[in-house]
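Following: one structure in structure tokens, then a few remarks.
No value in this document is a laboratory result; all are computed from the given coordinates. It should be emphasised that the depicted structure is a prediction, and the values quoted were computed from it without experimental measurement. When we count neighbours, we look across all protein chains shown, and the Cβ atoms used for this are built from the backbone with ideal geometry, even at glycine.
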Amino acid sequence: MALNPDRLFPSDPATRKIARRLYETVAALPIISPHGHTDPRWYSEDAAFPDPATLFVKPDHYIFRMLYSQGVPLESLGIPRRDGAPVETDSRAIWRIFAGHFHLFQGTPTRLWFEQPLEDLFGITERLSAANADRLYDSIADHLAQDAFRPRALYKRFNLEVIATTDSALSALDDHAALRASGWDGRVVPTYRPDFTVDPEREGFAGNVAQLLAMTGEATTWQGYLAAHRARRAFFKTMGATATDHGHPTAQTADLPQIEAERLFARVLRGGVTAAEAELFRAQMLTEMAGMSIDDGLVMQLHPGSVRNHNPSIFHGFGPDMGADIPSPTDYVRALKPLLDKLGNNPGLTLILFTLDETSYGRELAPLAGHYPCLRLGPPWWFFDSPEGMKRFRTIATETAGFANTVGFNDDTRAYLSIPARHDMARRVDCAFLAGLVAEHRLDEDEAKDLAHDLAYRLAKTAYRL
Amino acid sequence: MALNPDRLFPSDPATRKIARRLYETVAALPIISPHGHTDPRWYSEDAAFPDPATLFVKPDHYIFRMLYSQGVPLESLGIPRRDGAPVETDSRAIWRIFAGHFHLFQGTPTRLWFEQPLEDLFGITERLSAANADRLYDSIADHLAQDAFRPRALYKRFNLEVIATTDSALSALDDHAALRASGWDGRVVPTYRPDFTVDPEREGFAGNVAQLLAMTGEATTWQGYLAAHRARRAFFKTMGATATDHGHPTAQTADLPQIEAERLFARVLRGGVTAAEAELFRAQMLTEMAGMSIDDGLVMQLHPGSVRNHNPSIFHGFGPDMGADIPSPTDYVRALKPLLDKLGNNPGLTLILFTLDETSYGRELAPLAGHYPCLRLGPPWWFFDSPEGMKRFRTIATETAGFANTVGFNDDTRAYLSIPARHDMARRVDCAFLAGLVAEHRLDEDEAKDLAHDLAYRLAKTAYRL
Amino acid sequence: MALNPDRLFPSDPATRKIARRLYETVAALPIISPHGHTDPRWYSEDAAFPDPATLFVKPDHYIFRMLYSQGVPLESLGIPRRDGAPVETDSRAIWRIFAGHFHLFQGTPTRLWFEQPLEDLFGITERLSAANADRLYDSIADHLAQDAFRPRALYKRFNLEVIATTDSALSALDDHAALRASGWDGRVVPTYRPDFTVDPEREGFAGNVAQLLAMTGEATTWQGYLAAHRARRAFFKTMGATATDHGHPTAQTADLPQIEAERLFARVLRGGVTAAEAELFRAQMLTEMAGMSIDDGLVMQLHPGSVRNHNPSIFHGFGPDMGADIPSPTDYVRALKPLLDKLGNNPGLTLILFTLDETSYGRELAPLAGHYPCLRLGPPWWFFDSPEGMKRFRTIATETAGFANTVGFNDDTRAYLSIPARHDMARRVDCAFLAGLVAEHRLDEDEAKDLAHDLAYRLAKTAYRL
């Protein structure tokens, strides 16, 4: 049951041999993790992780969405209810449910993200099942209690060179500050995520804007609001940030005359906006943020296309991020035009585009990134951050955008222990893709070796200015 | 020319060996056919099939659409005209045309669906051509005249465990009744298909509703109409039905307040509705049918996204189902929301989704089915019920939805003799897919063996409650 | 570094052997080039090509779009500015920039289109780089100065049987006339491209229509305008044309009553039309052109779905066709219906459809072409004219449309020296696809051999009536 050293490599022997040779040159490279959702407190406090269920099951929406789809109530997995009604609190009971349903993850990346840390960190080479659930629980729990499995020790063991967290524009970044003050030599940087202060349709928007203005001492005007973002971005930069991140329902951008933007700002603050007004405000803010990026050098990331909280029962019962976000068709060509018309040729801007709509890889994203100097393509995201998803991305995007217009890998995860497995998966799949090109004589092996290094390390570092 | 035992398996020798091993464990499993279009009269009367052209060519829209696309008039294939104008009646002449154009099916699944029964049933291992058309015609005709090639004997020979037909909500199910009365031990079950009584844009809608109400003694009111459907569903259940089937232009659902639904029902009965009103009525009826499914346990199937009768000359000349139905982009995420908001978390509901828009596999269907407990993904449908179509489905859907949220195979055919070939194709392609995962060390072979059994047999049986 | 004889063949040894055998039977077939953008003057004047940069870099938007995306200013590549501001004029300097960025084309078809003529024509087997830029420049320049590298000699060397150019409806076809008068035995035929006289949103539309009417002596009426097109088409036919080509933003067609078409024509001529009016006029003209095709036998090509001149800075600075055209989602099913309702069953019409939206291959184009006798599928176009693009086209379209509803290959290029490499790529990829079918026992090798010949030669010749 141990992980096979050739996993994810093509089965054709000649191609596999090439993939193996390429992989050997990148397997041990340090990890650049420019976009993710680990908790900065882990690094600042360096406390031991709690039990296996709290570490692996409860925070992972990939896992509980699959269990829920097969009839497992979220309450039984210990997901807290908004109304405070009781949910399962026995971590071992939760773990047993997970173990009993582990076969559901056959053929999914979750399987690989879970089994690799089990083997690499805990020496477990058994497949999880109802039969061995308790034994594996105990073994993992024992390991987690040891100092070698605390966040900072794992950072070193994982060979991380830098890891970015994602932080609310309103965050004081206390953990980041504490971490810097601690003198620890790991590099954990924040990312400026302003969505809750930019999207009039998010709960608490007006309050968030008020807080943003209060934090920065700015007036409740359009200019004050923009100045507040500038100030917060500058603060994030002092704390190590090199990037911003924007999770919008669509990729729509706008370039309003100032007077219209001022009026729109006043309207969205009053509340009760229409969907079209909210969309226009978000759209305008993307263009504003791109302008600020040119000024302060923060790389801009856009993650559009998720219909959030599709299941109202789950949202009302448990809140957001409960596995009920569903992709939808996403337009880039017309949506990005206002921003690109204004700033798309500015050499100071880097805008990294992500998608949940794979039809855009070939039809929109690769042609756009293969032309505009500001655009780069982020790696396959969320549901597509998987062996087949990565393969489709490279197969479809490369012929038009090349490799240089992509940015390497993001692990995009809050599952800390899975980070090496995720990067390893990306390195294997990219080496497999390159090996296919070499085997079909479309690329020479020395070129493939260089590209493997780019995809595993250099492109992320350069694109994110890390 | 004989069928190769390794057909449809990957050419890489190591992977092929695994595929072969997996296939050997499922090749002989009984066939579960939970969705199809064979004629219940075949089983009740058990008469010999007529000549080869009437069996293979005239009823198969895959075949005559391809011939028509290359300039063969439908009249020459014996397709009856609505105006009664003369068409070819000589079956041998029709067969010769088919034979002379058989090369058109190179690279299509029709080729395999046709050649496998020829070899397995009639011992024919020659490729059909103008040269051997007459000889093959005679050989097939001779076989068809024998008792061993009557429907019930073939049912046994095909190793069918159960086969579902698709029946109008208005059908008295006389053939099903006769079949049950006959004491024959084959299991042929009806499926409740209410489209003609639910879609205001179908010809004869008002008359169909009147007939539905008359059959059940219900009043011409919204409540009476719903009660009539409930009554008919209950009757279908007594005749063995376990499922309903809904062929709608879109996946739109609605959840109207009762008073609005009543008004809309009155409006659609009066006739002259707008396209939007018709769409809203169909949408409301999907939600109503889902509610009834929770009550009576019938599994619900939704087949949306076909633009029916795209070619008006063909429709006016020959009627519907003449190979002129074309897919179109289909939204699920927003369309299904009203139904899912109301019933999507109800453990009693199973809603099986099909698509003619493959872009929805990864972007919408797999994420939806990987979350909602009521949703399952039907197998690739219609134009995608093919080796490459099946491969794309598994490759794209599995990483997000897993295997357990899919329902095995449907043959969906009226081509009775092709049923074993269709299931065999699905089993081969699924085993090839699983073998690829094993060869790349993404799945262990014992797991693949279990999954092959699930995909070939167990999932269909469970999902359709058969 | 020399080109490998097995390039683009599958790496699996058994499949590769079959691909090689198939390829050997088609590698030396004459080239049919039914759609492209070479300059007829090349053939009529037969002058030597200028320097390497002017031949390979300056006219190739695939090349400069990639360089631009990585920060290379178009001025430095010698692309003339509309305002006459100075740009780089030193061809050697331009070549050095290209050479220094040549790694950007790794994994793209441009790489193969460039290296194959270098080896085949100039004997260069080194990978271009900053280090050898000057040496390669000199070597290519020396060759270009020789008579053997003039257009007519290359036509013979390339084994061209016929090549079509694309010509404005307003062109006097002087070069074609001179060529025919010259007595040279190469076959270079024009193609009727009326876009600038048909699209009210193109710059200079009214003037173009006026010129069209003046050239043909027709009145400024709807009927005169149609008669003018008929006259120009007839003239193109006398010069060898067998086809028309239509580059529209969408595939929308219309079938207006004559009186409405007359009014619309008057409106578009007055200028200041709305986007909807312009779309309707283009839509009507596609149906008119299809009607004319039935009358005069010219094959009709439709290239929809490109958002032209997406980058206004580039458009204002350098003009159209500067690598800033981006695909967008394209509907065929509803858009083509008016034309197909009217003419889709007419045996005299051939309408070849292209797409920049690959989602339509399986969902719309293959089902349409697998039914309508007038429809054929053009080869993968523009961004998809690549090994993976071709593979996806065959894999997705064939199972529904077969091979006979496709039309072989188009090189669609103005890069004359790359034409053999482009056809060779298509032949290799098609043979690889066929070999895969043979290796999986889905096709017999004798059939594959026939089909390879069809795809490489016969289908293009037949479909384009050449």
Next item on the list: Please identify which residues in segment B:249-288 have an amide N closer than 17 Å to a label point set 7 Å out from the Cα of B:Gln223, following the Cα→Cβ vector.
Entry: B:257-266
Check: Rounded to the nearest 5, what is the percent of antiparallel bridges among the DSSP beta bridges in chain B?
Finding: 10
Check: Ordered by residue, what ³J(HN,Hα) values in Hz, to whole numbers, does segment C:427-439 give under the Karplus form 6.51 cos²θ - 1.76 cosθ + 1.60, where θ = phi - 60° and Gly and Pro are x?
Finding: 5, 5, 5, 5, 5, 5, 4, 4, 4, x, 5, 5, 5
Checklist line | Environment charge at C:Ala93 (Cβ cut-off 14 Å; Lys +1, Arg +1, Asp -1, Glu -1) | finding: -2
Checklist line | DSSP-loop trypsin sites (Lys or Arg not before Pro) across segment B:25-134, with at most 11 other Cβ within 10 angstrom | finding: B:Arg82
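Relative contact order (percent) for segment B:179-247, with alpha-carbon contacts under 8 angstrom and 6 or more residues of separation?
42
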Next item on the list: Using amide H atoms built 1.01 Å from N in the peptide plane, name the residues 5+ places from C:Ile124, or on other chains, whose amide H lies under 5 Å from its own.
Entry: C:Glu119
Check: What gaps in nm, shortest first, separate A:Arg270 from its twins in the other copies when you place the label 7 Å past Cα toward the beta carbon?
Finding: 3.9, 3.9
Check: Once amide H atoms are placed 1.01 Å from N in the peptide plane, what residues at a sequence separation of 5 or more from B:Asp245, or on another chain, have their amide H within under 5 Å of its amide H?
Finding: B:Tyr192, B:Arg193, B:Gln301
Checklist line | Local electrostatic count at A:Arg233 - Lys and Arg +1, Asp and Glu -1, tallied over other residues with Cβ under 15 Å | finding: -2
Margin query: Exposed loop sites here are GluC sites (Glu not before Pro) in DSSP loop states with at most 16 other C-beta atoms within 10 Å. What is the longest stretch of chain C lacking them?
Written below: C:204-466
Checklist line | Residue order, fewest to most beta carbons within 10 Å, for B:Leu286, B:Leu3, A:Leu368 | finding: B:Leu3, B:Leu286, A:Leu368
Check: Taking a ≥ b ≥ c as the square roots of the eigenvalues of the Cα gyration tensor of segment B:1-77, is the shape rounded (a/c under 1.5), prolate (a/b larger than b/c) or oblate?
Finding: oblate
Notebook entry, point to check: Suppose every K and R has +1 on its Cβ and every D and E has -1 on its Cβ; what is the size of the dipole of segment C:49-148 about the Cα centre, in Debye to the nearest 20?
Noted result: 420
Notebook entry, point to check: Which FRET efficiency, nearest 0.05, do C:Gln146 and A:Arg7 yield, Cβ-Cβ r, R0 35 Å?
Noted result: 0.05
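Based solely on its DSSP helices, what 222 nm [θ] is calculated for chain C when runs of n ≥ 4 H residues each add -39,500 (n - 2.57) and the sum is averaged over all residues, nearest 500 deg cm²/dmol?
Per the formula, -14000 deg cm²/dmol.
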Margin query: Using the Karplus curve 6.51 cos²θ - 1.76 cosθ + 1.60 with θ = phi - 60°, what ³J(HN,Hα) values do you get for each residue of segment A:390-407, in whole Hz, with x for Gly and Pro?
Written below: 5, 5, 4, 4, 5, 5, 8, 7, 5, 4, 9, 9, x, 8, 5, 8, 10, 10
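For every other residue with a beta carbon closer than 13 angstrom to the beta carbon of A:Leu136, add +1 if it is Lys or Arg and -1 if Asp or Glu, then tell me the sum.
Computed value for this residue: -3.
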Notebook entry, point to check: Between A:Ala153 and B:Arg270, how many nm apart are label points set 7 Å from Cα along the C-beta direction?
Noted result: 7.8
Checklist line | Overall form of the protein assembly as shown per C-alpha gyration tensor (a/c, 1.5; a/b vs b/c) | finding: rounded
Next item on the list: Quick one: order C:Lys17, A:Lys58 by neighbouring beta-carbon count within 10 Å, fewest to most.
Entry: C:Lys17, A:Lys58
Check: Say a label goes 7 Å from Cα toward Cβ at C:Gly123 in every copy; what distances in nm does this one have to the rest, shortest first?
Finding: 6.6, 6.6
Notebook entry, point to check: Ordered by residue, what ³J(HN,Hα) values in Hz, to whole numbers, does segment A:382-389 give under the Karplus form 6.51 cos²θ - 1.76 cosθ + 1.60, where θ = phi - 60° and Gly and Pro are x?
Noted result: 6, 5, 10, 7, 8, x, 6, x
Next item on the list: For A:Thr355, list long-range residues whose amide hydrogen, built 1.01 Å from N in the peptide plane, is under 5 Å from its own amide hydrogen.
Entry: A:Trp381
Next item on the list: Choose one of B:Ile259, B:Trp222, B:Gly207: the residue whose Cα lies farthest towards the positive end of the charge dipole of segment B:179-329 (beta-carbon charges +1 Lys, Arg; -1 Asp, Glu; about the Cα centre).
Entry: B:Gly207
Next item on the list: List the relative contact order of chain C as a percent without decimals, with contacts defined as Cα pairs under 8 Å and 6+ residues apart.
Entry: 20
Notebook entry, point to check: Using a ≥ b ≥ c from the Cα gyration tensor of chain B (square roots of the eigenvalues), is it rounded, prolate or oblate, where a/c under 1.5 gives rounded and otherwise the larger of a/b and b/c decides, a/b for prolate?
Noted result: oblate
Notebook entry, point to check: In nm, one decimal, shortest first: how far is the label point of B:Gly319 (7 Å from Cα along Cα to beta carbon) from the matching points in the other copies?
Noted result: 6.0, 6.0
